[in-house]
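Nothing in this text is a laboratory measurement; each read-out follows from the coordinates by a stated rule. Because the structure is predicted, anything quoted here is derived from the model rather than measured. Every residue, glycine as well, gets a Cβ built from its backbone with ideal geometry; the counts of neighbours run over all protein chains shown.
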Ligand code: HEM
Ligand code: FES
């Protein structure tokens with residue numbers, strides 16, 4: 001692929017020698033004009049070329065590989081892939097579906113943030129507004145809701161498929177561990193998001209959930225039976241840290257909000273990136289060629 | 001094809017030891033800083049209704065009465081010359097229990113308590129809290145929710 | 001090294017291919033030892049599948065959000081717990097466990113399950129049955145995982161979702177009492 005270059009052509013002789021600065025300028029424009037015209041003609045191609053470094057319609061094997069190497073978004077993936085890895089009934093695309101749902105959640109979530117206010121006075125009314133006074137508000141909320149629910153299912157079944165195909169065996173042990181963290185984080189994201197509409201379901205689910213954390217007192221109570229060990233009231237501490245108080249209220253809402261829209265998604269994204277990187281480093285996804293049979 | 005996992009033996013040389021200690025100190029420092037930020041999350045001030053509230057004159061409660069102060073999640077009962085304040089927060093996982101024919105029932109996971117808050121049916125494993133009651137100079141009774149008592153911590157009135 | 005093998009024997013050059021064997025390396029990556037014959041270009045084979053999968057996922061979610069409106073109950077009221085008060089469906093298995101014992105159901109067992117899951121690849125390391133569904137040689141592992149994890153998870157969630165009614169009592173879905181509002 002060679003980039004075309006245009007030699008600046010010598011223009012026709014000057015019509016008449018100009019006088020002063022104006023003359024110099026008009027002469028310069030006159031001389032450069034053909035080149036600029038050429039550049040304008042090639043603008044679409046040059047523009048494309050400056051953004052994307054490979055042809056848009058790769059035909060040879062080499063161009064196809066280059067299409068992957070030369071794109072930031074595509075280079076995460078291998079340029080060549082084993083046929084087995086492409087079989088739909090091997091992975092059922094579940095990992096990728098989980099990732100797509102995460103992307104949909106990010107987009108719909110950011111849009112929802114433009115309307116939502118994390119305050120006990122306003123949150124619920126904002127949810128009602130979404131239904132009554134925001135264009136496509138319900139579809140937006142629906143996309144966030146359904147993506148979240150489906151993502152939990154997709155991640156669970158992805159984990160099952162990884163187990164049932166033995167894909168966690170060396171060298172992929174650590175990617176499985178990251179996977180378990182992703183599974184837990186996905187559930188925690190669901191939990192924190194559940195409080196935000198501030199309706200009855202939300203309030204009582206989180207009340208019960210936070211009190212479950214409070215049951216960690218069981219551990220510190222038992223530890224305290226060892227002489228010399230103070231009772232740390234671990235459960236009460238965890239519950240207070242989670243809710244910012246004894247009961248679910250404004251403090252809890254703002255905490256869950258920040259966790260849900262900033263902290264947890266960032267951690268999840270970070271882990272997903274490592275997850276994908278490890279798939280590459282572990283030699284692509286698992287294949288029957290790896291077992292002795 | 002076979003995969004070879006070689007386990008290299010790591011020797012603890014003096015140099016390794018120094019570097020290991022260095023990293024340990026570094027990690028400890030980070031953990032300490034992490035601890036500070038964790039403390040940041042632990043609230044020093046609680047927002048919410050005050051823990052003390054008035055329930056009126058003892059005379060408002062005839063013998064055998066039961067009255068619910070739902071905003072405070074407290075049930076006030078009178079037996080003879082004794083008045084008691086029972087918490088309505090379920091000892092299982094904190095739902096609000098509702099007075100019923102047999103005492104108090106929890107809607108969340110089915111715990112049941114009798115009329116003085118003793119648990120009769122799980123999953124809750126403890127009795128409902130009682131709160132301390134005192135007489136104000138005005139003649140009103142005051143319940144203090146920060147003064148947690150056990151079952152039958154009655155306040156005697158004449 | 002007594003015998004020097006001729007370079008061309010190890011690294012034959014095929015002028016019709018854009019790739020060739022450049023070097024032999026020691027390592028555990030499955031790429032080693034594998035002929036390039038069953039590899040295909042990611043463009044377009046992988047890319048087109050990914051694009052289709054995205055389109056399918058997006059359409060399903062869009063359809064769901066147009067036709068199935070997510071629930072919104074009454075505004076939160078700290079004085080009136082609904083009866084029964086249920087967590088989101090994916091925590092109903094946990095809630096079912098919690099109704100037997102708060103600590104073990106809510107923290108003890110889930111904690112052990114998470115640690116157990118993470119431990120799997122360090123306990124089961126034998127290289128057999130990779131890359132095939134339900135390989136015959138892995139019957140024990142497959143059975144254990146199914147019986148100890150998958151079935152309990154699904155059964156508990158179904159129990160909590162469809163069989164629990166007022167006061168967390170056990171009712172069949174067809175005999176579920178309707179809550180008087
Ligand atoms: C946010 C959640 C997750 C995302 C977005 C995700 C994404 C992916 C993707 C795109 C793949 C490529 C193959 C495929 O599509 O099946 C993959 C493979 C893998 N995932 Fe996940 N995953 C997630 C959660 C998990 C969980 C919960 C586990 C297990 C506990 C896990 C363990 C693995 C392993 C071991 C592989 C390699 C499989 C193989 O080599 O065949 N992942 N993941
Ligand atoms: S909170 Fe009352 S039974 Fe669970």
What per residue convex hull volume, in Å³, do the alpha-carbon atoms of the protein assembly as shown yield? 327
Computed over the range A:30-143, the relative contact order (Cα-Cα under 8 Å, seq sep at least six) in percent reads 13
For the range B:59-74 versus the range C:39-93, the gap between their alpha-carbon centres in whole angstrom: 46
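Other chains near C:130-143: what is the mean number of their Cβ atoms within 10 Å of each residue's Cβ?
On the way: counts 15, 15, 10, 6, 3, 6, 1, 4, 6, 0, 0, 3, 3, 0.
Taking all residues of C:130-143 together, the mean is 5.
Can you give the Rg to Rh ratio for the range A:207-281, taking only C-alpha atoms and Rh from Kirkwood? Can you show the working numbers first?
Numbers: Rg = 17.4 Å, Rh = 14.7 Å.
Result for the range A:207-281 is an Rg/Rh of 1.19.
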Label-point separation (nm) for residue A:281 and residue B:31, each offset 7 Å from Cα along Cα-to-Cβ? 2.5
Compute the projected area of the convex hull of the Cα atoms of the range C:30-181, averaged over all viewing directions, and report it in nm² to one decimal place. 15.4
Could you work out Rg/(2.2 N^0.38 Å) for the range A:140-293, with Rg from alpha carbons only? 1.32
Rg (Å, one decimal) plus Dmax (Å, integer) for the alpha carbons of the range B:85-158? 13.3, 42
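In peptide C:61-68, how many Cβ atoms from other protein chains are near each Cβ within 10 Å, on average? Display every interim value, and only then the final one.
On the way: counts 14, 5, 2, 7, 12, 5, 1, 3.
Mean partner-chain Cβ count within 10 Å for C:61-68: 6.
May I ask you to derive the relative contact order of chain B, considering only C-alpha pairs under 8 Å and at least 6 residues apart, and to give it as an integer percent?
On the way: 245 pairs, mean separation 28.8, N = 158.
Here the relative contact order equals 18 percent.
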For the range A:193-218 and the range A:86-118, compute the distance between their C-alpha centroids and round to whole Å. 25
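Sort C:51-59, C:75-83 for me by packing, meaning the mean count of neighbouring Cβ atoms within 10 Å per residue, highest on top.
Values: C:51-59: 14.3, C:75-83: 18.0.
The densest-packed peptide leads the list: C:75-83, C:51-59.
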Ranked by how many other beta carbons lie within 10 Å on average, peptides A:114-124, B:77-87 from highest: B:77-87, A:114-124
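Once you average over the residues of C:144-152, how many Cβ atoms of partner chains fall within 10 Å of each Cβ?
Numbers: counts 0, 4, 3, 0, 0, 3, 6, 0, 0.
For peptide C:144-152, the averaged partner shielding equals 2.
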CD proxy at 222 nm, helix term only [per DSSP H run n ≥ 4: -39500 (n - 2.57); per residue of chain B; nearest 500]: -6000 deg cm²/dmol
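What FRET efficiency would be calculated for the residue pair residue C:137, residue A:71, taking the C-beta separation as r and a Förster radius of 30 Å, to the nearest 0.05? The partial results should precede the final answer.
Numbers: r = 41 Å, r/R0 = 1.35.
The value I calculate is 0.15.
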Just report the Cα centroid separation between the range A:34-68 and the range C:97-130, whole Å. 53
Given labels modelled 7 Å from the Cα in the Cβ direction, how far is it in nm from residue C:51 to residue A:273? 2.7
Per principal axis, descending, Cα span of the range C:89-168 in whole Å: 49, 23, 16
So how do B:144-157, B:119-132 stack up, highest first, on mean other-Cβ count within 10 Å? B:119-132, B:144-157
How big is chain A by Rg and Dmax over its Cα atoms, in Å? 29.7, 106
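Only Cα pairs under 8 Å and at least 6 apart count here; give the relative contact order of chain A as a rounded whole percent. Working shown, then result.
Working: 233 pairs, mean separation 45.7, N = 293.
Reported as a whole number, the value is 16 percent.
Cα-based Rg of chain B per 2.2 N^0.38 Å, rounded to two decimals? Can you show the working numbers first?
On the way: Rg = 27.6 Å, N = 158, 2.2 N^0.38 = 15.1 Å.
This ratio for chain B stands at 1.83.
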